[in-house]
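> What follows is a structure written as structure tokens; I'll ask about it next.
What follows draws every value from the coordinates through simple rules; no lab data is involved. On a predicted model such as this, the values are computed, not experimentally measured, just so you know. Cβ placement follows ideal geometry from the backbone for every residue including glycine, while neighbour counts extend to all protein chains displayed.
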Amino acid sequence: MDPVKAQTLFYIATLTVLGIVLGLILFWSIRTFATISKVENKIEPIPGKIDMIDLLFALTIIFFFYGNTVVLFQNSMNPGDSSPIEKNGMTLSGAILNNIIFLIIGAFVFSFASFIRGRNPNQVFGLNKISFSRILKWGLGAMIPVYIIIGLGNFITQLIIPSKEQVPEMQEIVQTMISSDDVTIRITLLFSAIIVAPMVEEIIFRGYIYPILKRYSHRLFAGFMTSLLFAVVHGHMEGLIPLLFLAIILTLCYEITGSIFVPILIHALFNGINSCFILTLSNG
């Protein structure tokens, strides 16, 4: 990645993490002072305590993603430190390993948010909140507004990034999908883009981080900061604003429907359509 773009992403990621931490502290302070005032005036009882386990685990995930951004920035500053896979493209074994690791992480977050904490996963993630037909309607119906707002995001990006720097750098998975003639690698990457990534990312961002931040702050703050974090961790400067807008739509759909299946389907359809364009167009 271009060092300037990597540095910009690093700064945005740093501000995002600091914003989340400071925002949580600010909201906690406001609520604490308000509670003390109400209790002293005997207006209402003291609310429940903060679940530090959930909060610390969510912050751990956030800092884990931030660490990946730091590594990306360091590799851009020192290209010689990049791994062979980063230099030569993704291999089949590397793609399969990435899928396995990502699925394990997603399964652990899903289990921690529900089974490990003694909760019903259906209630935590809204697995049976709406019917399959409604999930399908939401997924298909969201495609038009998604691409409209993605187009707006691309337009804003072109206005912000100087014209001489508007040649986008493709993500590693896109580069491999275009350049590789190995069908098995392409199938593995398609499986990752259409199945693994939407499922795991939505469980982590919309299913866990967003509700935790919302519980201890405000839904607008939680929605925006979770969406910004989602955009930053993808490590793609040109896609930052479009991905931010996409994540906001995914969060809004999850907030309205209460079912994690809705943002998963929207995310999967979006990745699937983009993958078709990547494979059919000569330059991706």
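> Quick test of your reading of the structure: L140 fulfils all but one of (1) more than 28 Å from T188 (Cα to Cα); (2) in a helix (DSSP H, G or I). Name the failing condition by number.
L140 satisfies every listed condition except (1).
> Here's another thing I want to ask about it. For segment 213-238, which residues satisfy the criterion of being in contact with a Ser or Thr (Cβ under 8 Å, 6 or more places away or on another chain) and either among the polar types (S, T, N, Q) or farther than 19 Å from M52 by Cα (or both)? It would help to see each step written out before you state the result.
Step one: list which residues in segment 213-238 are in contact with a Ser or Thr (Cβ under 8 Å, 6 or more places away or on another chain), which gives 213, 223, 225-229, 232-233, 235, 237-238.
If the condition is that a residue be in contact with a Ser or Thr (Cβ under 8 Å, 6 or more places away or on another chain) and either among the polar types (S, T, N, Q) or farther than 19 Å from M52 by Cα (or both), then G223, M225, T226, S227, L228, L229, V232, V233, G235, M237, E238 are the ones that fit.
> Run R206 past the list (1) basic (K, R); (2) within 22 Å of I150 (Cα to Cα); (3) free of Cβ contacts under 8 Å to residues at least 40 places away in the same chain and report the number of the one that doesn't hold.
So the condition that R206 fails would be (3).
> Could you count how many residues in segment 225-260 are more than 15 Å from the chain's Cα centre (by Cα) and assigned to a helix (DSSP H, G or I)? Full working, then the answer.
Within segment 225-260, the subset more than 15 Å from the chain's Cα centre (by Cα) is 238, 255-259.
Narrowing further to those that are assigned to a helix (DSSP H, G or I): 255-257.
Selection size over segment 225-260: 3.
> Contact list please: Cβ distance under 8 Å, first residue in segment 247-263 and touching a residue at least 24 places away in the same chain (Cβ under 8 Å), second residue of a type in the set (G, A, S) and surrounded by 23 or more Cβ atoms within 10 Å (Cβ to Cβ), pairs at least six apart or on different chains.
Filtered contacts from segment 247-263: A247/S227; A247/A231; I248/S227; L250/S227; T251/S227; Y254/G207; I260/G207.
> Still on this model: When you check G106 against the structure, is it farther than 21 Å from L56 by Cβ and either in contact with a Cys (Cβ under 6 Å, 6 or more places away or on another chain) or outside any loop (DSSP other than H, G, I, E, B) (or both), yes or no? Let's see the steps before the verdict.
On the way: farther than 21 Å from L56 by Cβ: no; either in contact with a Cys (Cβ under 6 Å, 6 or more places away or on another chain) or outside any loop (DSSP other than H, G, I, E, B) (or both): yes.
Spelling it out, it is not the case that G106 is farther than 21 Å from L56 by Cβ and either in contact with a Cys (Cβ under 6 Å, 6 or more places away or on another chain) or outside any loop (DSSP other than H, G, I, E, B) (or both).
> Could you please give the count of residues in segment 95-144 that are surrounded by 13 or more Cβ atoms within 10 Å (Cβ to Cβ) and either in contact with a Lys or Arg (Cβ under 6 Å, 6 or more places away or on another chain) or in contact (Cβ under 8 Å) with a residue 12 or more places away in the chain (or both)?
So the answer is 26.
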